[in-house]
Each structure stands twice: as C-alpha cells, then as structure tokens.
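One structure is given here, and the rest of the page talks about it.
The values are calculated or read from the model by the stated rules, or taken from the named source; none is laboratory data. Computed from a prediction, not measured in an experiment: that's the story for all the values here. Methodologically, a virtual Cβ is constructed for each residue, glycine included, from the backbone with ideal geometry; neighbour enumeration extends over all protein chains shown.
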Amino acid sequence: MPDKNNSRFPIEEVAKFPAPGMAAPVSCAFSNDDRLVTYLHGEDQSPVRQLHALDIETGEGRVILAGLDDESEELSIEEALRRQRQRQMGRGITRYSWVDSTGRILIPGQSAIYVMDGPDAPARTVVDGGDAPIIDPQLSADGTQIAYVQDSEVYVVSVDGGAPRQITSGARGTGKTHGLAEYIAQEEMGRGSGFWWSRDGSHIAFTEVDETHIPVYRIVHQGKDQVGEGAQEDHRYPFAGEANAIVRLGVVPVEGGEPVWMDLGDDYDIYLSRVNWMPNGELWAQIENREQTVLDLVRFDIATGAHSTVLRETSDIWINLHNMFHPLDSGEFIWASERTGFTHLYLHDGDGSLIRQLTDGDWMVDGLSGVAGLTGDAGLAAVDESNGQIYFTATKDSPTERQLYSVPLSGGAVQRITNEPGMHLVTIDHKFKNFVDSHSSIDVPPTITLRSLNDGSQIRTIHEPSDPRIENLGLEPPELVTLQTDDGVTLHGAIYSPPSEFGDGPHPTIVYVYGGPHAQVVDNHWSMTASMRAQYLRSQGYLVFMLDNRGSARRGLAFEGVIKHQMGRIEVQDQVEGVRWLVDQGLADPERVGIYGWSYGGFMTLLCLAQASDVFKMGVVGAPTVHWDGYDTHYTERYMGTPQSNPDGYANSSPVNHVQNIKGNMLLVHGLIDENVHFRHTARLINALIANRIPYEFMLFPDERHMPRQLGDRVYMEERITEFIQRNL
C-alpha cells in the first residue's frame with residue numbers, strides 16, 4: 001500500500017531547479033586558439049549561471065564573467081517569451097558566443113550588448129538600449145560589427161561602440177517586423193533568428209514578417225492588480241487551417257540602403273525554414289510548402305533576387321526539418337534526408353546532383369556535431385575537409401542512446417568514437433584534435449570531459465557531478481525495458497519500482513505519458529533518474545511507468561508516421577498494451593492504474609481516460625490540447641492536415657468529443673497566461689465536461705505560462721498533484 005506519510009525526501013525537492021545532478025555546465029565552446037574550453041555553470045547547484053573558462057593544458061578553471069551588473073532579474077515580455085520558446089529555465093548569463101577570428105566574446109543582455117575583448121578582459125557595454133529590448137545580437141564573422149533588432153528594425157554598430165545605424169526601415173509602427181523570427185519559426189521550425197550576416201560582413205539577409213492579417217489573440221493577466229496596458233498581451237497566433245504570417249527575405253548592404261527582395265516563388269503561403277550564406281558569397285535557403293511534404297533548397301542572386309532550385313525533397317508522410325545542411329569549400333555540400341525512412345547523410349555537388357550516400361541503415365543520424373565557438377549558426381557542422389571526415393551523432397547502436405561517429409567524405413565504414421553507454425553531446429575543436437563530451441546515462445549524472453577525437457580517450461575532466469542530493473535522496477535509476485506490441489513492434493519503456501518495503505507487487509501504478517511526435521521520453525540519460533515526480537511517487541509506494549509509443553521520435557519515419565491524420569489512436573493503444581504488459585509481469589495492480597501528462601501528454605491523458613476507462617482509473621491533465629483547431633499551423637498541419645481537409649480526423653482526435661466516456665477521477669492543471677497551449681483549451685474542455693455532467697477537479701495558476709517556473713507555484717502544484725493521486729489511487 002502507498003504510504004502517505006513516507007518522508008524519504010520532502011516534496012519541495014520535486015519542484016526545485018535544477019534537479020539533482022543536473023546542474024552541469026552548458027554551452028561548451030572552444031576559444032579561437034583552442035587553448036580554453038568555456039561554458040556556463042551555476043555554482044553550488046544554483047540556476048544562476050556564470051561564464052567559466054578552463055585552461056586545457058594546465059587544467060586550471062576560473063570564472064571569467066560572474067554576471068552583468070546592470071541586468072535586471074525582471075524579464076521583459078520579449079525575453080520571457082524567448083525563454084519559453086527555448087524551454088530555458090536557467091538565469092544569470094544565458095547566452096554567449098566566441099568570434100573565432102578575433103577571440104572576442106559576445107554576451108547578450110536584455111536591453112544591452114556586452115563584449116569581452118578576450119577571456120581576461122572585462123565585459124564592456126557596446127550598446128545600451130534603454131527601455132527598448134535588444135533582440136538577437138550577432139557578431140560579424142570578422143568580429144568588428146554587431147547586428148541586432150530593436151523596435152522591429154535591424155541595427156549595426158561597431159564592436160568598439162559608437163552610434164548604431166539603422167539599416168532597415170518601414171516596419172516600425174506598421175505591425176510588421178524586420179529581422180525577427182516569427183512565432184512559428186521559433187516554436188516549431190527550430191529557427192530562432194530572422195537575420196543572417198554574410199561571411200564577408202558586407203550584407204545582411206533579413207526577414208520581413210507581416211502578421212497584421214492574423215486576428216489578435218489577447219491574453220489577459222487576470223492575476224495582476226492592474227488592468228489594461230501592462231496586464232494584457234496581444235498575439236497574432238496562427239491557428240491550424242487559418243492564415244500564417246507572410247514572410248519575405250531581403251538583402252541589404254551593411255551600410256544600409258534599399259533592400260533587394262528575394263524571389264521565394266509564386267506561392268506566398270510557405271515556410272522559410274533555413275537561410276545560409278555560402279563560402280562563395282551566394283545566399284541559399286530552404287523553403288517548405290504549407291503541407292510540409294515538399295522542401296526546396298534554393299540559391300539566390302542577391303543582386304536581382306532571382307532564385308533557382310538546387311534540390312527538392314518530397315515525402316508522402318511529412319518532412320522533418322533539420323540542421324544538417326553544410327556547405328563545403330569545394331562547392332559541394334552535405335545534406336540530410338529521410339528518403340530511406342531514416343535520417344541519413346548525403347554528399348551533393350554544387351548543382352544538387354547526388355554524389356554519394358554517406359550513411360545507411362535502420363538507424364538515424366541525430367545531427368552533425370557542433371564545432372568550436374558557439375557562433376550561433378545552427379547549421380555549422382563538424383566536417384574536417386582537409387582530412388575528409390564527417391563527425392555526427394546517431395542512434396546506430398541503440399535508439400535510446402546518442403553516440404559520436406565518423407565517416408569518410410569519400411565513403412566508407414562508420415566508426416564509433418565515444419565508448420560509454422548513454423547520451424553524448426559533443427563540441428569539437430577547430431583543429432579537429434579534441435572534443436568536449438557532455439555525457440550521462442541513467443547511472444551517471446552529466447559529466448563533462450575533454451577527449452581525443454582520434455579514439456575517444458579521456459584527456460581531462462572538466463566537470464564531475466558533486467550534488468549531495470543524489471545520495472541524500474536515495475535516487476535509484478529506473479529499469480529500462482522493451483516490450484512487443486500485439487502486432488510485433490518493439491517499444492521502449494522505463495520502470496520505477498517502489499522500495500523493497502512495499503513488496504514485490506502488484507503495485508498501484510502511475511503512467512507518465514507524453515506520447516507526441518518529435519519527442520522521446522525514454523532514453524539512457526540521467527534526466528530519467530532525476531525525474532523527481534516519478535522518484536517521489538515511487539518513494540510513496542507507487543510503481544511509475546514511462547513508454548515511448550508509436551509516433552515518438554528517433555525511431556524512423558514509419559514509426560513516427562503512423563499517427564498521420566489520426567492523432568491519439570495508436571498512441572493510446574500502445575499505452576494500454578504497456579499497462580497490460582506490466583500486469584502480465586505481476587508488477588501493476590490492474591484495478592489501480594492512473595496516468596499523468598503535460599501538453600501533448602495532457603491530450604494523451606484525456607484520451608486514455610476516455611478511450612480506455614477500463615484501464616485508467618484516474619488522471620492528472622496538464623495544459624492539454626483538447627482540439628487541434630486551437631493549436632498552431634506548422635505543428636498541427638504537419639501531422640493532421642487542416643481542419644478543412646481532414647474534418648473527421650480533427651473531430652475524432654479531440655478529447656472534447658470523447659469526454660462522455662470518462663469514468664475516472666480527473667485533475668486539470670493549466671497556467672492562465674499560457675501563450676503556447678492557450679487556456680482556451682482547458683476552458684473548452686470544462687464546457688464539455690459540464691455539458692456531459694462529468695466531475696473534475698481544477699488547479700489554475702494565474703501568472704504561469706506553458707511551463708510553470710515560479711518555485712512557490714511549482715511546490716504548490718506538486719503538493720496538490722500528489723494529494724490527488726494518493727486520494728484516488
């Protein structure tokens with residue numbers, strides 16, 4: 001039986017950030033001379049990050065920037081939303097980048113830009129924007145100029161300071177923006193920037209985003225004392241099947257002047273997914289159709305704006321965007337494609353013709369490994385042209401792991417470089433000699449080491465976990481398991497068994513579910529062990545189970561694509577099979593099974609309660625999507641089409657249309673100012689519950705968005721969720 005009074009660890013530990021063992025360095029980079037490794041890290045498990053440097057030769061580490069004195073902890077609305085898009089919880093210094101040619105370091109603030117003229121130099125203010133936020137500052141490749149966006153226009157300023165010059169015009173005051181990525185690009189497409197320096201620093205390509213035709217969706221801060229301005233925010237949110245932002249791509253000289261607008265094609269209803277300047281000075285871009293079944297790689301003449309198509313990708317399922325386009329100095333380029341059903345690397349000539357496929361098999365390339373200096377170029381890859389080697393991470397040995405591999409540009413066998421089981425995040429130095437390996441597994445908290453790129457051997461330890469909470473709280477890793485569905489598909493799961501004093505089972509069981517595409521829950525990473533709600537419930541005598549159903553990421557396009565046009569069907573079926581597998585093992589009490597999830601997991605929790613009420617007896621529903629016509633275009637239409645083209649699919653996948661089948665007890669949780677999955681979803685759900693006389697409990701957070709951030713709110717939420725589970729299971 002669960003023990004409501006078990007005090008193995010206090011519930012406050014569930015809400016704390018960072019979780020035990022997770023306070024590891026982030027944003028690792030090499031200095032321009034490869035003498036230093038720099039990173040962001042908070043001392044003594046603090047979420048407030050400082051900029052550190054470690055001397056590779058001596059092993060001496062030091063803080064080179066503790067903080068920005070003039071920066072306020074009160075976030076502007078622009079910065080708060082940026083951090084929501086990036087799911088960023090850290091505070092203090094949250095970004096920096098090296099300029100390889102000069103050794104300068106750029107540190108963006110909320111309303112100012114700071115530069116260090118070397119790792120031993122103080123941070124100096126280059127631009128103070130006053131009350132107007134400065135957004136997305138980027139150094140030119142030669143390190144002499146900084147471009148940024150302020151009040152909807154692009155500015156350039158010398159790195160030595162002086163008066164900034166505005167190089168775009170015509171957007172301010174019109175509702176349009178220049179140089180900013182639209183919401184869809186940031187949230188769904190993995191494109192956080194809306195302007196790009198040319199490699200020689202002579203031009204800037206930038207987007208013009210027009211959302212004025214999209215109706216305003218107003219979010220009112222009902223928990224504030226004031227009303228009106230300052231207590232509301234207006235969003236031009238593109239709902240599925242409705243209008244998207246109209247995006248143009250222009251090129252302007254760095255001195256300013258009239259832009260040349262690139263020809264993006266006859267269809268304005270497209271997605272500008274990626275933009276790249278090439279070694280020869282050409283501008284290339286990736287353009288995706290609205291249905292996300294065609295992706296064109298195009299080149300532009302920046303003098304006229306004319307374009308030609310270099311390569312076209314098509315898919316009967318959908319196209320998953322990637323950051324694995326890498327131009328080579330030879331004029332060739334590396335490209336990634338799912339044309340075989342799994343993401344693999346290909347070498348093409350400058351005209352787009354395929355030279356050779358570089359990787360192959362029933363596994364997928366995750367990414368081309370990051371290199372050196374955190375320049376902010378998401379497409380920058382570890383490609384050693386002089387020695388003819390490509391370095392990438394992949395699932396080759398297991399879909400629950402990420403390992404570093406290499407393959408010759410000329411073709412040949414794939415070689416594994418990292419040895420330890422688990423997940424590896426890699427940054428490679430400029431000389432292709434060493435790499436920083438951020439590694440963890442369910443048994444090993446995040447550990448940062450310097451390793452040889454030749455054979456993966458360790459050179460130096462950069463960070464070892466030293467969090468006493470790991471031992472004090474008695475955290476034990478889950479058991480990673482596999483199971484077969486009735487139709488023969490292998491699924492990966494994780495079991496958090498209660499301590500031995502609760503017996504061998506069967507146990508009351510809680511399923512944690514996400515279940516959506518483009519995400520993986522079960523992997524060999526320490527975050528599984530540091531899943532504190534699961535650990536807390538386990539300590540109370542519950543068995544906690546996680547399962548990556550079909551539709552989840554990193555298993556190939558066929559595995560993911562089964563949800564096309566019918567979200568919430570096969571995913572629920574697989575979760576039910578997971579519970580029945582637990583029952584067959586004698587682990588789960590079939591009469592006492594509950595489920596909880598957030599966002600897509602909230603959607604899944606509702607459908608599990610409605611479609612499998614005989615299996616799931618209670619659920620905690622966090623920030624759910626309850627009807628896909630209320631979510632954004634790019635995400636929803638990729639999987640579901642539009643409400644106009646797939647009305648039956650939208651209706652069948654809506655929990656609102658199934659609530660009459662819910663029998664289990666239910667707790668709804670939502671932040672009132674959620675700008676991603678609007679509170680409107682939960683309001684529509686409540687209306688349907690009332691209409692069908694279905695009882696529910698409700699927990700509202702007036703000042704929280706999609707992911708609760710305030711510690712007090714998080715503690716209160718965990719207390720209420722735990723109490724609800726104990727009372728109903």
I'd like the full set of residues that are on the phi > 0 side of the Ramachandran plot and modelled with pLDDT under 90, limited to the range 6-57. Asp44, Gln45
Can you name every residue in the range 171-204 that is over 24 Å from Thr633 (Cβ atoms) and either modelled with pLDDT under 95 or buried (at least 20 other Cβ atoms within 10 Å of the Cβ) (or both)? Trp197, Ser198, His203, Ile204
Could you list, in sequence order, the residues of the range 250-273 that are assigned to a strand (DSSP E or B) and farther than 15 Å from Glu211 by Cα? Gly250, Val251, Val252, Pro253, Val260, Trp261, Ser273
I'd like the full set of residues that are β-branched (Val, Ile, Thr) and within 22 Å of Arg199 (Cβ to Cβ), limited to the range 226-264. Val251, Val252, Val254, Val260
Given (1) surrounded by 15 or more Cβ atoms within 10 Å (Cβ to Cβ); (2) more than 23 Å from Val511 (Cα to Cα); (3) out of contact with any Phe, Trp or Tyr (no Cβ under 6 Å at 6 or more places or on another chain), index of the condition Asn692 fails: (1)
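Every residue in the range 392-410 that is over 26 Å from the mean Cα position of the chain (by Cα) and without any contact (Cβ under 8 Å) to a residue 60 or more places away in the chain, please.
Pro408, Ser410 - these are the residues of the range 392-410 that are over 26 Å from the mean Cα position of the chain (by Cα) and without any contact (Cβ under 8 Å) to a residue 60 or more places away in the chain.
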For the range 274-354, please list each of the strands (runs of 3 or more DSSP E) lying entirely inside it that holds at least 2 residues being assigned by TED's automatic domain parsing to the domain that holds His203. 283-289, 294-300, 307-314
Check the range 148-160 and report whether any residue there is surrounded by fewer than 20 Cβ atoms within 10 Å (Cβ to Cβ) and of a type in the set (Val, Ile, Thr). yes
Tell me, which residue of the range 504-549 that is of a type in the set (Gly, Ala, Ser) and in contact with an Asp or Glu (Cβ under 7 Å, 6 or more places away or on another chain) is surrounded by the most Cβ atoms within 10 Å (Cβ to Cβ)? Gly515
Go through the range 473-490 and report how many residues are surrounded by 14 or more Cβ atoms within 10 Å (Cβ to Cβ), out of contact with any Asp or Glu (no Cβ under 9 Å at 6 or more places or on another chain) and assigned to a strand (DSSP E or B). 1
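Looking at the range 92-122 only, could you name the residues that are assigned to a loop (DSSP other than H, G, I, E, B), within 25 Å of the chain's Cα centre (by Cα) and in contact (Cβ under 8 Å) with a residue 40 or more places away in the chain?
At the first step, the residues of the range 92-122 found to be assigned to a loop (DSSP other than H, G, I, E, B) are 93-96, 100-103, 109-111, 117-122.
So of that shortlist, the ones also within 25 Å of the chain's Cα centre (by Cα) come out as 93-96, 109-111.
Once the filter is applied, which keeps residues that are assigned to a loop (DSSP other than H, G, I, E, B), within 25 Å of the chain's Cα centre (by Cα) and in contact (Cβ under 8 Å) with a residue 40 or more places away in the chain, the range 92-122 yields Ile93, Thr94, Arg95, Tyr96, Gly109.
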Being under 15 Å from Ser599 (Cβ atoms) and of a type in the set (Ser, Thr, Tyr): is that true of Tyr631 here? yes
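Every residue, every condition in (1) over 30 Å from Gly561 (Cα atoms); (2) surrounded by 18 or more Cβ atoms within 10 Å (Cβ to Cβ), yes or no:
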residue	(1), (2)
Leu249	yes, yes
Val260	yes, yes
Arg274	no, yes
Asn289	no, no
Val294	no, no
Phe300	yes, yes
Ala306	yes, no
Phe333	no, yes
Glu338	no, yes
Please tell me if Asp142 is farther than 14 Å from Ser97 by Cα, of a type outside the set (A, V, I, L, M, F, W, C) and out of contact with any His (no Cβ under 6 Å at 6 or more places or on another chain). no
Which numbered condition trips up Ser111, out of (1) of a type in the set (Gly, Ala, Ser); (2) assigned by TED's automatic domain parsing to the domain that holds Phe195; (3) in contact with a Pro (Cβ under 8 Å, 6 or more places away or on another chain)? (2)
Here the residues within the range 296-351 that are hydroxyl-bearing (Ser, Thr, Tyr) and within 26 Å of the chain's Cα centre (by Cα) are Thr314, Ser315, Ser337, Thr340, Thr343, Tyr346
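Listed here are the residues, each with its yes/no results for (1) assigned by TED's automatic domain parsing to the domain that holds Gly67; (2) in a loop (DSSP other than H, G, I, E, B); (3) over 23 Å from Gly281 (Cβ atoms).
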residue	(1), (2), (3)
Val126	yes, no, yes
Ala141	no, yes, no
Ile146	no, no, no
Val149	no, no, yes
Gly161	no, yes, yes
Residue that is nearest to Ala141 (Cα to Cα) [pool: residues in the range 172-226 that are part of a strand (DSSP E or B) and among the charged types (D, E, K, R)]: Glu208
Those residues that are in a loop (DSSP other than H, G, I, E, B) and either of a type in the set (Val, Ile, Thr) or without any contact (Cβ under 8 Å) to a residue 24 or more places away in the chain (or both), I need them from the range 457-467; list them, please. Ser457, Glu464, Ser466
Give me a count of the residues in the range 695-709 that are surrounded by fewer than 19 Cβ atoms within 10 Å (Cβ to Cβ) and at pLDDT 95 or above. 8
Given the conditions (1) in a strand (DSSP E or B); (2) at pLDDT 95 or above; (3) surrounded by 22 or more Cβ atoms within 10 Å (Cβ to Cβ), every one holds for Thr168 apart from (1)
Here the residues within the range 506-565 that are within 22 Å of Thr485 (Cα to Cα) and of a type in the set (Phe, Trp, Tyr) are Tyr512, Tyr514, Phe545, Phe559
Which residue pairs have Cβ atoms under 7 Å apart, sit 6 or more places apart or on different chains, and have a first residue in the range 141-155 that is more than 14 Å from Ser198 (Cα to Cα) and a second that is among the hydroxyl-bearing types (Ser, Thr, Tyr) and not in a strand (DSSP E or B)? Glu153/Thr168; Glu153/Ser169; Val154/Thr168
Looking at Ser599, Ser613, which one is more than 25 Å from Ile673 (Cα to Cα) and surrounded by fewer than 23 Cβ atoms within 10 Å (Cβ to Cβ)? Ser613
When both residues are 6+ apart or on different chains and their Cβ atoms are under 8 Å apart, which pairs have a first residue that lies in the range 674-700 and is more than 15 Å from Phe603 (Cβ to Cβ), and a second that is of a type in the set (D, E, K, R) and in a strand (DSSP E or B)? Glu675/Glu233
Within the range 525-558, the residues that are in a helix (DSSP H, G or I) and in contact with a strand residue (DSSP E or B) (Cβ under 8 Å, 6 or more places away or on another chain) are Trp526, Ser527, Met528, Arg533, Ala534, Gln535, Leu537, Arg538
